[in-house]
1. Under 13 Å from a label point 7 Å along Cα→Cβ of GLU269: give me every residue in the range 372-403 with its amide N that close.
2. If you line up the long axis of helix 6-26 against the longest principal axis of the chain, both from Cα atoms, how many degrees apart are they, to the nearest 10?
3. Quick one: what are the phi-derived ³J(HN,Hα) couplings along the range 248-262, Karplus 6.51/-1.76/1.60 with θ = phi - 60°, whole Hz, x for glycine and proline?
4. Read phi for every residue in the range 373-382 and hand back ³J(HN,Hα) as whole Hz from Karplus 6.51 cos²θ - 1.76 cosθ + 1.60, θ = phi - 60°, with x for Gly and Pro.
5. In whole angstrom, and with the biggest value first, how far do the Cα coordinates of the range 139-211 range along each principal axis?
6. Please compute the modelled spin-label separation between THR55 and GLU14, points set 7 Å along Cα→Cβ, answer in nm with one decimal.
7. Return P(r) of the range 108-256 (all Cα-Cα pairs; 5 Å bins starting at 0; whole %; ordered from short to long distances).
8. Considering every Cα-Cα pair within the range 41-174, what fraction, in whole percent, is farther apart than 17 Å?
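The values are calculated or read from the model by the stated rules, or taken from the named source; none is laboratory data. Here the structure is a predicted model, which is why all the values come from computation and not from measurement. Counting neighbours? That spans all protein chains shown, and the Cβs are built from the backbone with ideal geometry, glycine included. Ligands, DNA and RNA are excluded from the accessible area calculation, which covers all protein heavy atoms including side chains. Shrake-Rupley method; radii C 1.70, N 1.55, O 1.52, S 1.80 Å.
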Amino acid sequence: MNTTPAADRELVQEKLKQATEILNELEIDLWLTFVRESSLLPDPALELIYHSDVTWPSAFLISRSGQHSAIVGFYDADTARALDAYDTVIGYHHGLSDHLNAEIERFAPNRIALNYSQHDVAADGLTHGNYQTLVSYLAGSPYGQKFESSERIISALRGRKTPSEVNRIREAIHETEQLFYDVEAYVSPGMSQSQIAEFVHDRIASLGLDYAWDKSYNPIVTCGPESTIGHVMPSDIILEEGHTLHMDLGVKKNGYCSDLQRMWYVLKESETEAPEDVQQAFKVVSDAIMAGESVLRPGVAGWQVDAAARGHIVNNGYPEFMHATGHLLGRTAHDGATILGPKWEKYAGICELPVEIGNVFTLELHVEVPGRGIMSLEEDVLVHADGVEYLSDPQVSLRYIRA
């Protein structure tokens, strides 16, 4: 009986078709994903090509010919067949080494890509122990000498979103934007970061949504100048008049994520708008995002997008921010591969990667307003051949909270 939801089955089929195209583009004959007990030790690439966990050692062979094989434990075989995505599904009892050798021999590849990478965490799912096991299985065959990294395959496959993937991201973004309106209607001066975050947690639970990152600091709530900036849990710091309120929030819906940041200013009783320093900071941050967006085109290296946004911040007299301007978004909030970041050591190998059609990126940066708090925005955009499309409704003016 087919127990895999149709939409998820179709998504795996889409990604396998896309993988075939990428293998041909790169002239790589076979992509091999080798895993075991994936619920305990997941390979990030597995979710792209298989919609379940596996228990026993399993091998998924994706060929540039379009013929694909799954070798799984006997009790996982029906789940693999239910995907209608693999031409050959082998359910074994005692071990898979003989089956694996036979399938590789059948494909007769000259180039075999494995999931290891120095630069892309999303392409580095093959553990050292699994690698050693794989080498032992192929000992005596010529194929153990033909391994190379699959990072270019996974970068393209994960980064080039299909229309159905984009639709799922849109749904998560829509839910997040509505949550921001809920927060705005709820919040008032005198509330703590923790109270505001708990309100969001209750709303997420009522909507049946999941979190794009760890719930303990999702949302990130920053109230005024005393708040710690970064990936921190909400505290008992109180929201006060004359301060900024910042929220970084991402939800997961149908397996795909949003990642957005919004800004408010808490008006004093005598104020009808934010003071000049707050308004100036908002404009600089907003314009910096647009400066990055203007460079974000297919073929451009990630560091070039960052340089445009970062330069706008610095040229307006603010210190540069100590993070990238953006990252890929999809099944996770940080979806691997291309980073819109500077040529720093921590971004080596991924800030040089080119932007591609179908990539969904965040654009995010911040400055600090002395005595007021952080000013930070984040938008989610889809790359097309001739530019970008905002999947979020971009915040172009400061939002206000009144006592």
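1. It comes to 403, nothing else.
2. For 6-26 against the chain, the angle is about 70 degrees.
3. Using θ = phi - 60°, the values come out as 10, 9, x, 10, 10, 9, 6, x, 10, 10, 10, 7, 10, 10, 9 Hz.
4. x, 7, 10, 9, 10, 8, 10, 10, 10, 10
5. 70, 28, 20
6. In this crude spin-label approximation the distance works out to 3.1 nm.
7. 2, 8, 14, 13, 12, 10, 9, 9, 8, 6, 4, 3, 2, 1, 0
8. Values: 5651 of 8911 pairs.
Summing the P(r) tail past 17 Å for the range 41-174 gives 63 percent.
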